[in-house]
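Below: one structure, written as structure tokens.
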Amino acid sequence: MTEGAYAIDALLLEERRYPPPADFAGQSNAQPSIYERDFDEFWEAEARERITWFDPFTKLYEWELPYARWYLGGKLNVCFNCVDRHVEAGIGDKIAYHWEGEPEGERRTITFADLQREVVRFANALKELGVGKGTPVGIYMGMIPELPVSMLACARLGAPHTVVFGGFSADSLSDRLNDMECEVLITQDAGWRKGTEVPLKRNSDEALDRAPGVRTSVVWRRAGSDVGMKEGRDVWAHEVVEGQSDDPDSCPCEPMDSEDLLYLLYTSGTTAKPKGIVHTTGGYLVGVSTTHHYIFDVKPDSVYWCAADIGWVTGHSYIVYGPLANATTGVLYEGVPDYPDRDRWWAIVERYKVDILYTAPTAIRAHMKWGPEHAERHDLSSLRLLGSVGEPINPEAWVWYREHIGGGRCPIVDTWWQTETGMILITPLPGITTTKPGSATLPFPGVDAAVVNDRGEEVPPGGGGYLVLRRPWPAMLRGIYKDHDRFVETYWSRFPGMYLAGDGARVDEDGDFWLMGRVDDVMNVSGHRISTIEVESALVDHPQVAEAAVCGRKDETTGQAIVAFVSLKDGEEGSPEMMTELREHVATKIGKIARPANIVFTPELPKTRSGKIMRRLLKDVSENRALGDTTTLADPTVVEEIKDRAVTEASQEA
Ligand code: WTA
């Protein structure tokens, strides 16, 4: 299909309207009056209704730009709210997670009472290893039940954690451990992904060589693989929990202040160094549990499946903390969607009678490519609601998701948010909102989102601009760890008094928001945030690379794909072997997710006369577009040469 035809089609789909289904209206957790509720009243009432406080808060929030503090004076514990109080309330037998390992037939059912026992035992073990209130702990694991157990055990003790996605490399792990000054690392021998083992322990060993502050590494056994244990540093989790009490009174939940650190989660920004996003206790828990309740319309007997990885913010907020606070039964799946077959997800939905499914557009597009027959082989009639997150969803994928997965009856919630926002901020509410394919529709009640132009003025309906937020919300980031200046500079300096999200957006005549992708040097590949500069730094770290420039080009499945333009030292020519070597180099420096799809070798990069690389031109080249203005280039012939090479390289890749 030509690009023009695609654009017309998409426009027609965008015009479609899906009013809330009749069986939702009146039945859903959110009623239309929710939009009329007073901001203060709303967040006070939700905090009281949803969360158990050891000491009540005395003030709703304080807003000293750019820092907000919420539920001041309140004392609570996140683990108590996610686990203990449900057992105390008599629903200990309710299932917290249905877990499936990737190797077929491996299944576990974990009730809230089981979860409590495991968390208490592990917390006792951590305590014996010297972990207490304020001890920073790194976690590098795959999707096994021991991951939420480890996070909750930290929360129980008041030890802040940073979870590092299991797909990141040893280098990425050590950077994060060092930045947070972690004293303990929790990992596992290996995980399963696409039928092969992910060597998590081996990667951690490499990382720990460069993170001398980590004195203890606690290793869960998962794959049973042979791993070396370093004397005096490494301990097996199953050995240290042995003999520990599982009585909750043996390890009481530490009373934490609302504003105590719960976790850091590192995310890519516009420089090579990832930012440690700070999330605290009270506001975060209120924010994620409230949004989870209303947006996913979770009922007491729901089986909810968020198919993200816990290593990203989606997993923190909507696999672990939000759903558990709401005593929700969830599904946890270890592996990839097409192992052993492309119907794996649909077999899971059928087996557990999942009624709410939350995933990313890139996954939906992969299923689209594989064809609807895999879903058709299964009974998906339990599904009631579908969610999307991580990147703009193209209208074709939206409509396909609705028809082929949702049976034409399930509403879709396209949820916009970020690691920084902690909770969903722009979203439809099921039963209320009329949805449009490709639009995230409306700000959540109380959220003051707007689209502004270059001068910070709100643009009228239809116009595009920068997405900003003008009022604080409970789960908002409390800063970048140990970097006040970068916090101010990144989010608050462009438009004083407004949080700059870094996304382009437009608002239509109905007030619905349409997200248009990043406006900065951050790429979005399969819903993962990757900074162009981070990949460039990894490339120039290779001894033969002189210079590199990276951009994201449109990709049908992954949203964006990474293209690197590289010039080698001493006028060396590129080769297919060099391309493989550089891609692997980036995988080692950052992780496989950051490997460029294509590398174009060129003797020179297009630069302005002041020496700045013109990325805009490279993007044009990589997307095969007519080139924009090239008059400011120092040497306009450079770009012509790159264009020729890009075409040749691209056909090589295909
Ligand atoms: C993008 C993921 C359009 C956006 C929760 C944002 C989206 C970045 C959507 C945050 C959506 C996320 N529609 N774009 N529904 N959801 N994004 O920090 O560019 O991994 O800034 O958080 O993903 O990515 P992050």
### Task
For K612, go through the lysines and keep the ones whose alpha-carbon is under 22 Å away, minus same-chain ones fewer than eight residues off.
K273, K569, K643
### Farthest positive-ward along the chain dipole, Cα basis, beta-carbon charges - from L500, P395, P248
P248
### Summary
Computed for the chain: size of charge dipole around the Cα centre, +1 on C-beta of each Lys and Arg, -1 on C-beta of each Asp and Glu, debye to nearest 20, value 380
#### Entry: Ellipsoid semi-axes in whole angstrom, largest first, where each is sqrt(5λ) of the Cα gyration tensor of the chain
37, 31, 25
### Task
Counting other Cβ atoms within 10 Å, keep those with at most 10, restrict to DSSP loop, and tell me which GluC sites (Glu not before Pro) in segment 229-283 are left.
E231, E242
### Query
Using alpha carbon centroids, what distance separates segment 23-62 and segment 505-532, in Å?
29
## Note on the structure
Sorted by chain and then number, the residues having a modelled amide H within less than 5 Å of the amide H of E547, at least 5 places away or on another chain, are S567
### Message
Taking the square root of 5 times each eigenvalue of the Cα gyration tensor, what semi-axes in Å does the equivalent ellipsoid of segment 526-653 have, largest first?
### Response
21, 17, 14
### Task
Quickly estimate the mean residue ellipticity at 222 nm for the chain, helices only: each DSSP H run with n ≥ 4 gives -39500 (n - 2.57), and the total goes over all residues, rounded to 500.
-8000 deg cm²/dmol
### Task
Would you mind working out the accessible area per residue for the chain, using a 1.4 Å probe, and quoting it in Å²?
38
#### Entry: Unit charges at the beta carbon, dipole of the chain: most positive-side option, T632, H378, S289
S289
### Task
Holding the Cα-Cα limit at 25 Å, pick out from K127/K201; K554/K592; K75/K299; K194/K436 the pairs that are longer than that.
K75/K299; K194/K436
### Task
Would you work out the charge dipole size for segment 526-653 about its Cα centre, treating the Cβ of every Lys and Arg as +1 and the Cβ of every Asp and Glu as -1, and quote it to the nearest 20 debye?
620
#### Entry: Positive-pole candidate from G224, A308, S28, dipole of the chain, charges at beta carbon
S28
### Loop-resident sites, segment 568-642, for GluC sites (Glu not before Pro), counting at most 11 other Cβ within 10 Å (DSSP)
E573
### Query
Which of the peptides 319-329, 220-230 is most tightly packed, and how do the rest follow, judged by the mean count of other Cβ atoms within 10 Å per residue?
319-329, 220-230
#### Entry: Residue-wise HN-Hα coupling along segment 372-384, computed from phi with Karplus coefficients 6.51, -1.76, 1.60 (Hz; x: Gly, Pro)
x, 4, 5, 6, 5, 6, 10, 8, 9, 5, 6, 5, 10
### Query
Using modelled backbone amide H atoms (1.01 Å from N, in-plane), which distant-in-sequence or interchain residues come within less than 5 Å of T135's amide H?
none
### Backbone HN-Hα couplings from phi across segment 422-435 [Karplus 6.51/-1.76/1.60, Hz, Gly and Pro as x]
x, 9, 5, 10, 10, 5, x, 10, x, x, 10, 8, 7, 9
### Task
Before anything else, pin down the relative contact order of the chain: Cα pairs under 8 Å, at least 6 apart, normalised by residue count, whole percent.
13
### Message
For segment 410-473 and segment 248-301, what is the centre-to-centre distance using only Cα atoms, to the nearest Å?
### Response
21
### Query
Which FRET efficiency value, to the nearest 0.05, do you get for N624 and R494 by plugging their Cβ-Cβ distance into 1/(1 + (r/R0)^6) with R0 = 30 Å?
0.45
#### Entry: Partner aspartates and glutamates for K275 [C-alpha distance under 13 Å; skip if fewer than 8 residues away on the same chain]
D175, D179, E420, D483, D485, E489, E534
### Query
Residues with amide H under 5 Å of V600's amide H, sequence separation 5 or more or different chain, H placed in the peptide plane at 1.01 Å from N; which?
A564, F565, V566
### Query
Which ³J(HN,Hα) values in Hz, rounded to whole numbers, follow from the phi angles of segment 592-601 under the Karplus curve 6.51 cos²θ - 1.76 cosθ + 1.60, where θ = phi - 60° and Gly and Pro get x?
4, 4, 9, 5, x, 6, 8, 10, 9, 8
### Query
How big is the gap, in Å, between the Cα center of segment 326-395 and the Cα center of segment 592-612?
37
### Task
Return the carbon/sulfur percentage of the accessible area of segment 526-653, one whole number, probe 1.4 Å, all protein chains in place.
50
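The values are calculated or read from the model by the stated rules, or taken from the named source; none is laboratory data. All of these numbers come straight from a predicted model, not from anything done at the bench. Cβ sites come from the backbone with ideal geometry, for glycine too, and all protein chains shown count toward neighbours. Note: accessible area is taken over every heavy atom of the protein model, side chains too, but ligands, DNA and RNA are not part of it. Shrake-Rupley method; radii C 1.70, N 1.55, O 1.52, S 1.80 Å.
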